[in-house]
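The values are calculated or read from the model by the stated rules, or taken from the named source; none is laboratory data. Since the model is a prediction, treat every value here as computed from it, not as a measurement. Cβ placement follows ideal geometry from the backbone for every residue including glycine, while neighbour counts extend to all protein chains displayed. Only protein heavy atoms, including side chains, enter the accessible area calculation; ligands, DNA and RNA are left aside. Shrake-Rupley method; radii C 1.70, N 1.55, O 1.52, S 1.80 Å.
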Amino acid sequence: MIRLQAIGLYSSDFGSGETRLGDATIIDDGKNFEVIDGNCGKGTDRLISALKARGIKTPYLHISHPHYDHRYGIRRIINDSWFKPRALYCQNPDSIKAHNGAVKSDIDALRTIIKEAKAKGIPVIYLKNGDKVVHGEIKFTCYREEPAWDGNAEGY
């Protein structure tokens, strides 16, 4: 049986009218655990607490795109010695076009996360449009408008 748990970051976390950002999602089949995006701030704290409460030490990690609110929590998991991630899935940063400084900064941050994962012996798998990911009962296809992404989340 596939289970899904979405962990959000909410406007109340900011004490303002800001909208929800970069949800993190845990998908599991009882044996395999996928963490898709890592959220940021209190959302990352919620994600890490949920993983630890469920005893999930060896997740597969996914970064859908390199915006801060999708990558930050994944970096925290990679650098938390409690976790032993099985692999990191993400877009090859060399396939992303940097049209401004903010996108270049996002790409550089993704490169840093990749280096940190590799330094800890975590395999890094670059996904492109149409690639299939299968772990036990969990199966999905990557859809991405690569290399057309220009820094906006609409590309995913």
* Asked: Under the definition of Cα pairs under 8 Å and six or more residues apart, what whole-number percent is the relative contact order of the chain?
  -> 18 percent
* Asked: Long-range amide H contacts for N92: which residues qualify at under 5 Å (H placed 1.01 Å from N, peptide plane, sequence gap of 5 or more or a different chain)?
  -> L127
* Whole Å is fine, so just give me how far the alpha carbon centre of segment 111-138 lies from that of segment 58-103. => 9 Å
* To do: Please calculate the 1.4 Å probe accessible area of K118, with all protein chains present, and give it to the nearest 10 Å².
  => 120 Å²
* **Shape of the chain, Cα gyration tensor, a/c cut at 1.5** => rounded
* Structure fact -> Phi angles of segment 114-119, converted by Karplus (6.51 cos²θ - 1.76 cosθ + 1.60, θ = phi - 60°) into ³J(HN,Hα) in whole Hz with x for Gly and Pro, give 4, 4, 5, 4, 4, 4
* Which chymotrypsin sites (Phe, Trp or Tyr not before Pro) does segment 8-114 hold that lie in a coil by DSSP with at most 12 other beta carbons within 10 Å? -> W82
* Structure fact -> Checking rank on 92-100, 105-113, with mean other Cβ inside 10 Å and highest first, the result is 105-113, 92-100
* Structure fact -> Heavy-atom accessible area with a 1.4 angstrom probe orders K120, K52, most exposed first, as K120, K52
* Listed residues E137, E34, E116 arranged by accessible area, highest first, probe 1.4 Å -> E137, E116, E34
